[in-house]
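Below is one structure, written out as structure tokens, with a few remarks after it.
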Amino acid sequence: EPEVTQTPSHQVTQMGQEVILRCVPISNHLYFYWYRQILGQKVEFLVSFYNNEISEKSEIFDDQFSVERPDGSNFTLKIRSTKLEDSAMYFCASRLTGVDGYTFGSGTRLTVV
Amino acid sequence: KNEVEQSPQNLTAQEGEFITINCSYSVGISALHWLQQHPGGGIVSLFMLSSGKKKHGRLIATINIQEKHSSLHITASHPRDSAVYICAALYGGATNKLIFGTGTLLAVQP
């Protein structure tokens, strides 16, 4: 069964450093998402991406965050200057169309120290 | 405001028991996902439904659009069913983002 692949599975970074979280969505999917889950809290929407542009972003997704689909297969989330409160599990997800179900990646656990 | 509420937050069952997890949402949605999250964190989609009922093995999901309520049932529960079960509402519009519930931590004891 096709999978959404996320790398790395765990990343530790110093506060203020830039991090890039990588995702390879299912190849024929058209809608791409990033969600995050702070430890002990519910999963929250960050951003959606369709047709090579952001279609919606949450209040969390401020100027420190950016997304890119540089080569038609990877979908990346960049955090420019990490803060302690960015520590969370970040999930990438993709969908074939706007009416299909989601497929989630296994997540990247980001720890900012 | 779009809200998704789940109950119970924690559930302990004996192997073989019939389990029900409930989910309610505040405004109209286009569909609802039931998801499973194991320790270590990965999320697996169990069902997406917009009406009626779906069944997969020992799992059954139902939704009542008028009452804005969905249930996930597990028949003949097994310790391997132990996980966090999350309902997430799919709201319409350009992005169809998911609004997540807080999850139900299920522990099935042998």
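In a Debye calculation with equal point scatterers on the alpha-carbon sites of the protein assembly as shown and no solvent, what is log10 I(q)/I(0) at q = 0.11, 0.16, 0.18 Å⁻¹? Here log10 of I(q) over I(0) equals -0.54, -1.11, -1.33. Separation of the alpha carbons by more than 30 angstrom is noted, of A:LYS78/B:LYS55; A:LYS78/B:LYS54; A:LYS42/A:LYS78; A:LYS57/A:LYS83, for A:LYS78/B:LYS55; A:LYS78/B:LYS54. Annotation: aspartates and glutamates with alpha-carbon distance below 20 angstrom to B:LYS68 (same-chain offsets under eight excluded): B:GLU3, B:GLU5. Based on the reciprocal of the average 1/r between different C-alpha atoms, the Kirkwood radius for chain B equals 14.0 Å. Relative to its Kirkwood radius, the Cα radius of gyration of segment A:51-113 gives an Rg/Rh of 0.97.
Ranked by how many other Cβ atoms sit within 10 Å of their own Cβ, fewest first, the residues A:ASP100, A:ASP62 fall in the order A:ASP62, A:ASP100. Shape summary of segment B:35-89, radius of gyration then Dmax from alpha carbon positions: 11.8, 36 Å. Among B:SER70, A:SER66, sorting on how many other beta-carbon atoms sit within 10 Å of each Cβ, with the fewest leading, yields A:SER66, B:SER70. Rg of the Cα atoms in chain A, relative to 2.2 N^0.38 Å, amounts to 0.99.
Every number here is computed from the coordinates shown, using simple stated rules; none is lab data. Because the structure is predicted, anything quoted here is derived from the model rather than measured. Please note: Cβ atoms are built from the backbone with ideal geometry, for glycine as well, and neighbour counts cover all protein chains shown.
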